[in-house]
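Since the structure comes first, as structure tokens, the remarks are kept for the end.
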Amino acid sequence: MSKVLASVNGKSITENDLDFLLSTIPPQQAAAYSSPEAKQGLLEELIAHELFYFEALDNNIEEDETFKKELELTKEKLIKSYSISSYLMKAEVTEEDAQAFYDENPQNFKENQQYSASHILVDTKEEHDEVLEAINAGGSFEDLAQEHSKCPSNAKGGDLGYFAKGQMVKEFDDALETMDINEIKGDVKTTYGFHIIKLTDKKPESTLAYGDVRDKIKSYLLQGKQNDMFVDKVESLKEKYKVEYTK
């Protein structure tokens, strides 16, 4: 049984009530409510709501005409929402459905060739030639990137991490296509300036394993089934209940 934190006019407010309120707060904001003081503030908010609730009952709010209209509208919206969600919950995607979709659509699960590279980006050909000469003389690529490159990757010694083929500008991508791992290539000019590129790894095109995409496939298929169910149900209900369009 959930611990009672407070009571208002005999009605208990429990830890479950507080946890539910916390669950409605966006994750990026929820961390701010982890301290005992912040949780006490939320408890006070729950208490305030209950106080207003009991005062409203004492003032016979249920007899208020505006409240009655609002209540009826809320009830109607809830019935619609609950009816639709309850019906769509009947949709099911089996393991066999997901596996069949994976097997029949291999093109959907291809990963492009991946590169891992570092680069040094400078504005002028003169600076490019000076840096390349320093590299060829045995200078550290990473140190020279930190010193000369105008790309934010300079903080990591020019490291761009892994990226897919086609993700970079064409001239950069074309250069990578002809390079071997650990090769350094200069004279790569793009709209950004002059690049000196070091290819650190290359991964061939691959197919994602079924286990890695299983949940996404099931979610995709479930959405499709629910959409079809919704459309079919609406059409059948139109035959049951009269629908008239006005111009």
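Among the residues of region 196-246, which ones are assigned to a helix (DSSP H, G or I), touching a residue at least 40 places away in the same chain (Cβ under 8 Å) and either exposed (fewer than 10 other Cβ atoms within 10 Å of the Cβ) or among the β-branched types (Val, Ile, Thr) (or both)?
Listed by number, the residues that qualify are 213, 217.
Which residue is farthest from residue 176 (Cα to Cα), if the candidates are limited to region 81-117 and must be of a type in the set (Val, Ile, Thr) and either in the same structural domain as residue 163 (by TED's automatic domain parsing) or in contact (Cβ under 8 Å) with a residue 12 or more places away in the chain (or both)?
Checked region 81-117; the qualifying residue farthest from residue 176 (Cα to Cα) is 84.
Among the residues of region 127-178 satisfying the criterion of being among the charged types (D, E, K, R) and part of a loop (DSSP other than H, G, I, E, B), which is surrounded by the most Cβ atoms within 10 Å (Cβ to Cβ)?
165
Consider region 1-24. How many of its residues are surrounded by 12 or more Cβ atoms within 10 Å (Cβ to Cβ) and touching a residue at least 40 places away in the same chain (Cβ under 8 Å)?
2
Name the pairs: first residue in region 25-37 and of a type in the set (Phe, Trp, Tyr), second residue assigned to a loop (DSSP other than H, G, I, E, B), Cβ to Cβ under 8 Å, at least 6 apart or on different chains?
Cβ pairs passing all conditions: 33/25.
Restricting to region 164-181, what's the tally of residues that are among the polar types (S, T, N, Q) and over 28 Å from the mean Cα position of the chain (by Cα)?
Summing the residues that are among the polar types (S, T, N, Q) and over 28 Å from the mean Cα position of the chain (by Cα) in region 164-181 gives 1.
Any residue in region 41-63 that is of a type in the set (Val, Ile, Thr) sitting within a Cβ distance under 9 Å of a residue that is surrounded by fewer than 14 Cβ atoms within 10 Å (Cβ to Cβ)? List the pairs, counting only those 6 or more apart or interchain.
61/55; 61/67
The values are calculated or read from the model by the stated rules, or taken from the named source; none is laboratory data. Values in this document were obtained by computation on a predicted structure and should not be read as measured data. Don't worry about glycine lacking a Cβ; one is built from the backbone with ideal geometry, like all the others, and counts go over all protein chains shown.
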